[in-house]
Amino acid sequence: MSLTAQRLDRISPSQTIAITQKARALAAEGRDIISLSAGEPDFDTPENIKRAAIAAIERGETKYTDVAGTRALREAVCLKFKRDNGIDYAPDEVMVSTGGKQVIFNAMLATLDPGDEVIIPTPCWVSYPDIVSLAEGKPVFVACPQNNGFKLRAADLEAAITPRTKWFMLNNPCNPTGAAYSAEELKTLTDVLMRHPQVMVFTDDIYEHLAYDGFKPATVVQVEPRLKERTLTMNGCSKGYAMTGWRIGFCGGPKALIKAMDKLQSQSTSNTSSISQAAAVEALTGPQESIRAMVEVYKLRRDLVVEALNACPGLTCRKPEGAFYVFAGIHGCLGKTSAGGRRIETDEDFVTALLEEEGVAAVHGTAFVAPGHMRISYATDTESLREACARIRRFCEGLH
């Protein structure tokens, strides 16, 4: 009898976390490592948010809360959705979970039956396919190439829908590409979805606030209100408020779906941290200037990295609209040999050699269902980015 359940065979460990752990191990050995693999802001959580958490501790708010979150936080989430997206949700249409990832787990496990299909545009975040597979669903990948801005075309969405399609999953702005959809671009997709009433919509807007050059990402229900009863709108505090470790994700959706997800969460984690919830109320309702300050810095870093990578032989890099990643094509480097003697046949070969020979950690595109690319996070200090880009250029110039 096997120790582990067969369901675990359907998934693999997060490859972004694996690269980060390898980089840490090399650093612990004394290597000079610059890690650009983790999707985590390098900024500290804003002071007003930290003070709100301390105040909650001092008030004794250390007990269990409702599984779906405190009333105060659910009302704050409703306020956020109305203020930022023009969507009206009531507190019983909102749920708080331990990070955005648990929102996805809850939604998929609560709704998917074996063989149900979930359409996922690629490149995609590494966890989407595994969560769907763990829930006994079938990921259906739709490629979104760089020459189309890494964005899904309406005709490709239409072609992917079948009678077994249960969900369409969209990340806007996208991890790993930083591609973001405007209201006009999103309308072409919502028009398709209106023709297929059996398809539910999961929109992951976790990078919503991280957009540049005046670009404003849209969200599904904002563009097509008639999809509200079929859409789960997910967001959280991790990226925009530099609160990754606080583990606050939230969503708005149909009451029946929220109730089902609440039922599932009641038998898994129950409520998320009461202290984190108090901090999240302040994040969502307090001053928002910290977001704007972070975005200004991220924009400068984005421009630095895009320019530097496009100057590297064999690399191509599109300028993203949002998030804090660039997704560079490495096709011009394949089939060559590194200065250290490693043959570069795949994107994994590329990032492995780059880490071992130059001490720069990136994530290979295959992890995001997009071979021939690498993802770099520019959520790190500017000087480290400059040095990392210089090392990447040296690595590329050394290929022969």
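The values are calculated or read from the model by the stated rules, or taken from the named source; none is laboratory data. All values derive from a computational prediction rather than experimental measurement. Glycine also receives a Cβ, built like all others from the backbone with ideal geometry; neighbour counts cover every protein chain displayed. Protein only, heavy atoms only, side chains kept; ligands, DNA and RNA dropped before computing areas. Shrake-Rupley method; radii C 1.70, N 1.55, O 1.52, S 1.80 Å.
Taken over the C-alpha atoms, the stretch 244-303 has Rg and Dmax values of 16.0, 46 angstrom.
You can think of it this way: the chain between N148 and E40 has 36.2 nm of extra reach, that is 0.36 nm per residue less the Cα-Cα gap. Extension gain for K138-A256 works out to 40.2 nm (0.36 nm per residue, less the C-alpha to C-alpha distance). Largest GNM mean-square fluctuation among N172, N235, N271, using the chain with Cα springs under 10 Å: N271.
So, R0 is 30 Å and r is the distance between the beta-carbons of K263 and Q6; what FRET efficiency does that work out to, to 0.05? Taking R0 as 30 Å, the efficiency between K263 and Q6 is 0.75. Using a Gaussian network model of the chain with C-alpha springs under 10 Å, which one of D92, D204, D84 is most mobile by mean-square fluctuation? Comparing D92, D204, D84 in a Gaussian network model of the chain, the most mobile one is D84. For the stretch 119-225, the convex hull spanned by the alpha carbon atoms encloses 99 Å³ per residue.
Sparsely packed loop sites in the stretch 15-124 (the GluC sites (Glu not before Pro) outside DSSP H, G, I, E and B with at most 12 other Cβ atoms within 10 Å) comprise E29. Calculated from the alpha-carbon coordinates, the stretch 1-134 shows an Rg and a Dmax of 19.7, 54 Å respectively. Extents of the stretch 258-395, taken as max minus min of Cα coordinates on every principal axis and listed largest first, are 54, 36, 23 Å. In the chain, taking the dipole from charged Cβ atoms about the Cα centre, the farthest positive-side position among P129, I49, H373 is held by P129. Put the Cα centre of the stretch 348-400 next to the Cα centre of the stretch 131-189 and the gap is 26 Å. For the chain, the alpha-carbon radius of gyration amounts to 0.98 times the rule-of-thumb value 2.2 N^0.38 Å expected for a compact globular protein.
Note on the chain: with a GNM built from Cα contacts shorter than 10 Å, the maximum mean-square fluctuation among G60, G137, G240 falls on G60. Annotation: cysteines of the chain without a disulfide-compatible partner (Cβ-Cβ under 4.7 angstrom) are C78, C124, C144, C174, C237, C251, C317, C333, C389. Counting protein heavy atoms only, the stretch 1-73 has 53 percent of its accessible area on carbon and sulfur, 1.4 angstrom probe.
Mean separation of Cα pairs under 8 Å and 6 or more residues apart, divided by the residue count, gives the chain a relative contact order of 22 percent.
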